[in-house]
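Visitor: Can you read through this structure? Questions will come right after.
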Amino acid sequence: MASPQGSRAPLEFGGPLGAAALMLLLPATMFHLLLVVRSGPARLLGPPPYLPGLQVLWSPRMLLLWLTWLGLQAALYLLPARKVAEGQELKDKSRLLYPINGNPIYDFFLGRELNPRVWSFDFKYFCELRPGLIGWVLINLAMLMQEAELRGSPSLAMWLVNGFQLLYVGDALWHEEAVLTTMDITHDGFGFMLAFGDLAWVPFTYSLQAQFLLHHPQPLGLPVASVICLINAVGYYIFRGANSQKNTFRKNPSDPRVADLETIPTATGRQLLVSGWWGMVRHPNYLGDLIMALAWSLPCGVSHLLPYFYLLYFTALLVHREARDEQQCLQKYGLAWHEYCRRVPYRILPYIY
Ligand SMILES: NC(=O)C1=CN([C@@H]2O[C@H](COP(=O)(O)OP(=O)(O)OC[C@H]3O[C@@H](n4cnc5c(N)ncnc54)[C@H](OP(=O)(O)O)[C@@H]3O)[C@@H](O)[C@H]2O)C=CC1
Ligand SMILES: CC(C)CCC[C@@H](C)[C@H]1CC=C2C3=C(CC[C@@]21C)[C@@]1(C)CC[C@H](O)C[C@@H]1CC3
């Protein structure tokens, strides 16, 4: 089906071939990382030390545990006390139409249903923040507790990684409503990418540093730990400052905290911030997030590349995501976006990219 303008919407992620490759590569990458992190050499680019037998990989008990975890999260999600927030309204009051491009692989990967719901249970919104992110910090905690069992007490590096990532997840849950304006909720369908990303990729690869530290303890002195804490604090300050500034502005441009910021009018009636954080680069929030990603890897030392996998993957993800967002903003704002790009020429890293 053509999009409202009659033209075919551009295929993303390399179209069907890219989608098929990612659906094979991503689970294989996660599997490789989980095998290598437990090995002595822990070589990111080396072959996995061994391939476990089927009896190791398939456990009905683990499947039951995972389904119980999902069920618990679903029950908590349905609690009547939860706050209900308006989703982001689309331009023409209707919902985006997904191109029926006649290719099941691409649709399966990117998903076609924008708001997959059963009654009030929104599967995409539920998966985006709860089972995966909370599962992530639970795995981290399990690593910390296992290190305490093994070595008498958790290492300083393990405390740092747990603390930094607990702050990140707690922040995401505290600002849960902000997820409603992300492209995952407003633009992407709920397909393999988000289902696998939310439920497997986040808990099992985002906890890689904690898993690495359990199997490869790293000495960390207080002076270096203090510098790493400062790096994470700077990253979080930029991340939170930029996200809050934009979300406050989007909710109420007259809010005293953003009313004095310079803006560019657009034909949609919405304005673009062109000073403050969003006058520094076009995605300051990504910059803060990447600085935190560096701070999460540094406690693992520099002897192995493996703990820096998240930083490498995340850089690629945000560079790609930024390009996708640029395309969407160009479609939304046209000349106003060109003007914004002229005045704010850098995307993520000031004077570099
Ligand atoms: N840890 C992880 O795996 C991931 C973390 N993230 C983090 O999630 C957060 C959200 O990122 P993301 O969902 O990509 O989207 P963003 O929060 O960056 O929002 C992008 C949208 O913001 C609006 N916008 C852009 N520029 C301006 C401007 N100058 N003035 C006003 N509005 C503007 C546009 O939407 P509109 O104009 O329609 O409002 C644009 O589509 C980020 O901090 C990111 O780092 C993201 C992906 C993965
Ligand atoms: C290569 C992967 C399989 C592609 C999947 C990417 C997903 C894991 C991410 C896409 C956007 C995400 C966001 C977050 C977590 C990761 C995913 C789902 C946050 C919830 C992280 C916390 C932030 O405060 C908000 C983010 C929104 C986007």
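The values are calculated or read from the model by the stated rules, or taken from the named source; none is laboratory data. Just so we're clear, the structure is a prediction, and the values are computed from it rather than from any experiment. Every residue, glycine among them, receives a Cβ derived from its backbone with ideal geometry; neighbour counts consider all protein chains shown. Areas reflect the complete protein model, heavy atoms only, side chains present, ligands, DNA and RNA absent. Shrake-Rupley method; radii C 1.70, N 1.55, O 1.52, S 1.80 Å.
Visitor: Hand me the GluC sites (Glu not before Pro) from the range 301-353 located in a DSSP loop with no more than 14 other Cβ atoms within 10 Å, in residue order please. If you can, show how the numbers build up before the last one.
Guide: On the way: sites: Glu322, Glu326, Glu339; in loops: none.
Hits after loop and neighbour filter: nothing returned.
Visitor: Using only Cα atoms, find the angle between the long axis of helix 284-297 and the longest principal axis of the chain, and express it within 0 to 90 degrees, rounded to the nearest 10.
Guide: Tilt relative to the chain: about 0 degrees.
Visitor: Report, in degrees rounded to the nearest 10, the 0 to 90 angle that the Cα long axis of helix 131-151 makes with the longest principal axis of the chain.
Guide: Roughly 20 degrees between the two axes.
Visitor: Here is a further query. Averaged over every viewing direction, what's the projected area of the C-alpha convex hull for the range 132-280? Give it in nm², one decimal, please.
Guide: Numbers: hull surface 45.1 nm².
Approximately 11.3 nm², given one-decimal rounding.
Visitor: Using a Gaussian network for the chain with springs between C-alpha atoms less than 10 Å apart, which of these wobbles most: Phe190, Phe108, Phe212?
Guide: Comparing Phe190, Phe108, Phe212 in a Gaussian network model of the chain, the most mobile one is Phe108.
Visitor: With a 1.4 Å probe and all protein chains left in place, how much accessible area per residue does the chain have, in Å²? Intermediate results must be reported in sequence, preceding the final value.
Guide: On the way: 18490 Å² over 353 residues.
Accessible area per residue: 52 Å².
Visitor: In debye, nearest 20, what is the charge dipole magnitude of the range 87-226 about its Cα centre with +1 on Lys and Arg Cβ and -1 on Asp and Glu Cβ, if you could check? Write down the numbers at each step before the final one.
Guide: Working: 8 positive and 14 negative charges, 20 e Å.
Dipole size: approximately 100 debye.
Visitor: Would you mind calculating the relative contact order of the range 269-353 from Cα pairs under 8 angstrom and at least 6 residues apart, reporting the percent as a whole number? If you can, show how the numbers build up before the last one.
Guide: Values: 54 pairs, mean separation 41.8, N = 85.
Once normalised by length, the contact order is 49 percent.
Visitor: Picking from Gly197, Pro10, Tyr106, whose Cα lies most toward the positive end of the charge dipole for the chain (charges on Cβ: Lys, Arg +1; Asp, Glu -1)?
Guide: About the Cα centre, the residue reaching furthest to the positive side is Pro10.
Visitor: Who wins for biggest fluctuation among Gly301, Gly53, Gly14 in a Gaussian network model of the chain, springs between alpha carbons below 10 Å?
Guide: Looking only at Gly301, Gly53, Gly14, the largest GNM fluctuation is found for Gly53.
Visitor: Here is a further query. May I have the count of lysine pairs in the chain with C-alpha atoms under 21 Å apart, counting pairs 8 or more residues apart or located on different chains?
Guide: Final tally of qualifying lysine pairs is 10.
Visitor: If ligands, DNA and RNA are left out, what is the accessible area of Asp92 with a 1.4 Å probe, given in Å² to the nearest 10?
Guide: 100 Å²
Visitor: Taking the Cα centroid of the range 116-167 and of the range 45-77, what is the distance between the two, rounded to the nearest whole Å?
Guide: About 15 Å separates the Cα centre of the range 116-167 from the one of the range 45-77.
Visitor: Quick check: the distance between the Cα centres of the range 180-259 and the range 303-319, to the nearest angstrom?
Guide: Each part reduced to its Cα centre gives a spacing of 14 Å.
Visitor: Under 4 °C and 1.567 mPa s, how fast does the chain diffuse according to Stokes-Einstein, given a Kirkwood radius computed over C-alpha pairs? Answer in µm²/s, whole number. Please list the in-between numbers first.
Guide: Details: Rh = 22.2 Å.
The estimated diffusion coefficient comes to 58 µm²/s.
Visitor: How do Ser303, Ser244 stack up against each other in accessible area, from largest to smallest, with a 1.4 angstrom probe?
Guide: On the way: Ser303 80, Ser244 40 Å².
Ranking Ser303, Ser244 by accessible area, largest first, yields Ser303, Ser244.
Visitor: If you fit an axis through the alpha-carbon atoms of helix 222-251 and take the longest principal axis of the Cα set of the chain, what angle between them do you get, 0 to 90°, nearest 10?
Guide: Rounded to the nearest ten degrees, it is 30.
Visitor: Pick from Pro253, Pro52, Pro203: which residue has the top mean-square fluctuation in a GNM of the chain where Cα pairs under 10 Å get a spring?
Guide: In this elastic network of the chain, the residue with the biggest mean-square fluctuation among Pro253, Pro52, Pro203 is Pro52.
Visitor: Show me, bin by bin at 10 Å from 0, the whole-percent P(r) of the range 168-232 based on Cα pairs.
Guide: 16, 32, 30, 19, 3
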